[in-house]
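Please read the structure below before turning to the comments.
The values are calculated or read from the model by the stated rules, or taken from the named source; none is laboratory data. Since we're looking at a predicted model, the values are computed, not measured. Positions of Cβ are generated from backbone atoms using ideal geometry, with glycine treated the same way; all protein chains shown enter the neighbour counts.
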Amino acid sequence: MDLRDFIRDIPDFPKPGVQFKDITPLLADPTAFQHSIDLLSIQFAGQKIDAIAAAEARGFLFAAPLALKLHLPLVPLRKPGKLPYRTYSLKYDLEYGQAELHMHVDGIKPGQRVLLVDDVLATGGTMQAGAKLIEQAGGTVFGCAFLVELSFLNGRAKLAGYDAFSVLTY
Ligand code: AMP
């Protein structure tokens, strides 16, 4: 099964010049979706990982089934105002303007090794912020995992020092 058949290219979304990788055809096909989670879990099964973390919203779609399959705790990284308990937070720059990610202060324990998951690696800004947040909480980034990597945007440069794994590379 070629998972590329389930990633739809949408030109000029959300703005002119951006080729958007739409994962909804994959989500709509249980066999393909299951295969994507299997490929991620094969990569990380048996590794010394204590928790999986992911930024909302599309990161959750892959992190949640992967966490269940690997039987690991799942830690949500969320936009401001969403998490009810005390949080660590981090502001980071986007192409236009700024964004902010929060994590509950008890999301991970100091010293824990965390695998970060997202659907798409584009510029790497979101994943870099997630990694810094894990480190702010005293955790260690085990690595970063993506379904899709847009290599021409060189997001890996922002993730230098972290292991990055992608199921599909464009
Ligand atoms: P990044 O630039 O790596 O920080 O990307 C931020 C988020 O935007 C990622 O988590 C992706 O979900 C999403 N994203 C960025 N570029 C694309 C794209 N071309 N297609 C689909 N999703 C994208």
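Within region 148-167, the set of residues being buried (at least 16 other Cβ atoms within 10 Å of the Cβ), closer than 16 Å to PHE20 by Cβ and not aliphatic (A, V, I, L, M) comprises GLU149, GLY155. Tell me, which residue of region 8-27 that is of a type in the set (A, V, I, L, M) and near the ligand (Cβ under 9 Å from one of its atoms) is surrounded by the fewest Cβ atoms within 10 Å (Cβ to Cβ)? Among those residues, the one meeting the criterion is ILE10. Looking at this structure, is THR31 more than 14 Å from the ligand (Cβ to nearest atom), crowded, with 16+ Cβ neighbours inside 10 Å, of a type in the set (Val, Ile, Thr) and at pLDDT 95 or above? So THR31 does not fit the description; no. Note on region 29-63: residues that are closer than 25 Å to LEU101 by Cα, among the small types (Gly, Ala, Ser) and out of contact with any strand residue (DSSP E or B) (no Cβ under 6 Å at 6 or more places or on another chain) total 1.
When region 24-64 is filtered for residues that are at positive phi and not in a loop (DSSP other than H, G, I, E, B), nothing remains.
Among the residues of region 42-65, those that are crowded, with 17+ Cβ neighbours inside 10 Å, free of Cβ contacts under 8 Å to residues at least 60 places away in the same chain and farther than 10 Å from LEU115 by Cα comprise PHE60, LEU61, PRO65.
Look at region 118-140: where a residue is on the phi > 0 side of the Ramachandran plot and a partner is hydrophobic (A, V, I, L, M, F, W, C) and within 14 Å of the ligand (Cβ to nearest atom), sitting 6+ places away or on another chain with Cβ atoms under 9 Å, you get GLY124/CYS144; GLY124/LEU153; GLY124/ALA157; GLY124/LEU159; GLY124/ALA164.
Cβ separations smaller than 7 Å between residues 6+ apart or across chains give the following pairs from region 154-170 residues that are in contact (Cβ under 8 Å) with a residue 24 or more places away in the chain to residues that are of a type in the set (Gly, Ala, Ser) and part of a strand (DSSP E or B): ARG156/ALA164; TYR162/GLY143; ALA164/GLY143; PHE165/GLY143; PHE165/ALA145. Number of residues in region 101-112 that are surrounded by 15 or more Cβ atoms within 10 Å (Cβ to Cβ) and in contact with a Lys or Arg (Cβ under 6 Å, 6 or more places away or on another chain): the value is 1.
Here the condition is being aromatic (Phe, Trp, Tyr), closer than 24 Å to LEU26 by Cα and surrounded by fewer than 18 Cβ atoms within 10 Å (Cβ to Cβ); of TYR92, TYR170, it holds for TYR170 alone.
Selection of strands (runs of 3 or more DSSP E) fully inside region 65-170 by the criterion of at least 1 residues being in contact with a Ser or Thr (Cβ under 8 Å, 6 or more places away or on another chain) and within 16 Å of the ligand (Cβ to nearest atom) returns 87-93, 98-104, 113-121, 140-149, 164-169.
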